[in-house]
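Peer 1: Have a look at the structure that comes next, please.
The values are calculated or read from the model by the stated rules, or taken from the named source; none is laboratory data. As the structure is a prediction and not an experimental result, all values here were calculated from the model. Note that we place each Cβ from the backbone using ideal geometry, even for glycine, and neighbour counts take in every protein chain shown. Calculation scope for accessible area: heavy atoms of the full protein, side chains included, ligands and nucleic acids excluded. Shrake-Rupley method; radii C 1.70, N 1.55, O 1.52, S 1.80 Å.
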Amino acid sequence: MEELSIGNTAQVVGYKIGSIFGGGVLIWLSQYTGWTGLFLILTGLYIEAVLFVYVSPVLSQMDEKEKQEKAENLQRTEAGSHSMKDHEHCNHSHNSTGHRHLEKHFPCTGHSHDSNEGTPSKYSSEGGAAKTKLGFIQEILDTPGTKWMMGYVALYKLGEQGAISMLPLFLIDQKISAVDIGFWTGIFGQAVSICGSVLGGWMIAHYRLPLWLVLKQLSVCRFLPLGAQLWLTAVWTWGTFSDNILYGLSVASLCFLMFISGMITTVTFTFMMQCSQMAPLNIQATHFTTLATLEVFGKLTFLSVLGFLVDMLGYSLVYILFIVLSVVLLPYLNRCPESLVGDEEEDCKEL
């Protein structure tokens, strides 16, 4: 658990540092460079990233290591297929020394070997190769907890990400400077989110808390900034409070929400990787990539229709929708499968 949390903390913090420059810093620079200079800077960044991928010695070493591991796995697979033909070595990789004594009296049959085929296990060294083009998809879906995790990663960010994306647009509609908004939401807000990600990773690494329970508690904490933003969108036009006070409260609520968001992101990606470890070894990377793709797909799909919803319903009603989406997540977390909860309880007992 500790290694998973540290690795995912580095991953989440890394891409958020990039988003600080790609978001807030470039918005701040736009007042000096204009749109042409802004896109030239982006072009230079993409060229630098491509060159880094091609010339990085670390990535080249990783490619060589991956090829070597694939060759070793292939050799083990071929050796295993030959050993299965020999009666004396049947089920050698699945039975203990004590079981071999029983095999002398009760020889294993092909049926007993097949009974374990297709059963995903995080302890499996091979996991079974996909025999059809879409066979690996079934292997992914058969991994314990995967279907629940797919639903969770598609839903958990909808209300939160919608609020983080809509509040800056709401402030622009209230005649707040885009440069100021870019600084507070794009630079300072992302820095706060990074602090949340680091804290979330440190917390689950040192206290070994059940991940589903941590996610549930953090999801409850999100209601405070979401409720504050709902109130702000409703009272801004009343004229009861000055714009400066409301603007300060907006920034504070957004930063608080991004701090919680950072914690949730690290815990969620650790949870995703823990689920992927229960997949067969040869598809664990694909399993995790599938979950990460669904996570991005869920956010982008919702954000793509969010502008239409705001134009049709208004900010206040859309924020109510954000809160409803966040509420729906709580009973879903209560239905976390035993296959995921059980592993966490074992980790806690080991501690």
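Peer 1: In a shell of Cβ-Cβ distance under 11 Å around LEU330, excluding LEU330 itself, what net charge do Lys and Arg (+1) and Asp and Glu (-1) give?
Peer 2: On the way: positive: LYS216, ARG222, ARG335; negative: none.
That sum, taken over residues with Cβ under 11 Å, equals +3.
Peer 1: Under a point-charge model restricted to the Cβ atoms of Lys and Arg (+1) and Asp and Glu (-1), what is the dipole moment magnitude of region 146-261 relative to its Cα centre, in debye to the nearest 20? If you can, show how the numbers build up before the last one.
Peer 2: On the way: 6 positive and 4 negative charges, 104 e Å.
With only Lys, Arg, Asp and Glu charged at Cβ, the dipole is about 500 debye.
Peer 1: For region 238-326, give the percent of accessible area contributed by carbon and sulfur heavy atoms, probe 1.4 Å, rounded to a whole number. Let's see the in-between values first.
Peer 2: Details: 2810 of 3790 Å².
So the carbon and sulfur contribution to the accessible surface is 74 percent.
Peer 1: When you count, for each residue, the other Cβ atoms within 10 Å and take the mean per peptide, how do 191-203, 36-48 rank with the highest first? Show your work: numbers first, answer last.
Peer 2: On the way: 191-203: 20.8, 36-48: 11.6.
So the order, starting with the most tightly packed, is 191-203, 36-48.
Peer 1: Run the numbers for TYR46 and LEU313: contour at 0.36 nm per residue of separation, minus the present Cα-Cα distance, in nm.
Peer 2: Numbers: separation 267, 0.36 × 267 = 96.12 nm, distance 3.79 nm.
Gain in length upon complete extension: 92.3 nm.
Peer 1: Check each of the trypsin sites (Lys or Arg not before Pro) in region 245-351 and keep only those in coil by DSSP with at most 14 other C-beta atoms within 10 angstrom; list them in order. Mind showing how you got there, number by number?
Peer 2: Numbers: sites: LYS299, ARG335, LYS349; in loops: ARG335.
Taking region 245-351 and a limit of 14 other Cβ atoms within 10 Å, the loop trypsin sites (Lys or Arg not before Pro) found are ARG335.
Peer 1: May I pose another question? Given the peptides 320-327, 301-308, arrange them by the average over their residues of other C-beta atoms within 10 Å, most packed first. Before the final figure, lay out each step's value.
Peer 2: Values: 320-327: 17.2, 301-308: 13.5.
Sorting 320-327, 301-308 by mean packing, highest first, produces 320-327, 301-308.
Peer 1: Grab every C-alpha pair in region 128-230, bin the distances at 5 angstrom width from 0 up to the longest one, and report whole percents.
Peer 2: 2, 9, 13, 17, 16, 12, 10, 9, 6, 4, 2, 0
Peer 1: Among residues other than ILE172 whose Cβ falls under 15 Å from its Cβ, what is the net charge (Lys/Arg +1, Asp/Glu -1)?
Peer 2: On the way: positive: LYS175; negative: ASP173, ASP180, ASP243, ASP311.
Charge balance near ILE172 sits at -3.
Peer 1: Still on this structure: For region 187-257, what number results from the quotient of the Cα radius of gyration and 2.2 N^0.38 Å? Walk me through the intermediate numbers first.
Peer 2: Working: Rg = 15.5 Å, N = 71, 2.2 N^0.38 = 11.1 Å.
My calculation over the Cα atoms of region 187-257 gives 1.39.
Peer 1: In nm, to one decimal, how far is the modelled label at ILE320 from the one at THR301, with both set 7 Å along Cα→Cβ?
Peer 2: Taking the simple label geometry, ILE320 and THR301 are separated by 2.5 nm.
Peer 1: Per residue Cα convex hull volume for region 193-340, in cubic angstrom?
Peer 2: Numbers: hull volume 18.2 nm³, N = 148.
Roughly 123 Å³ of hull volume per residue.
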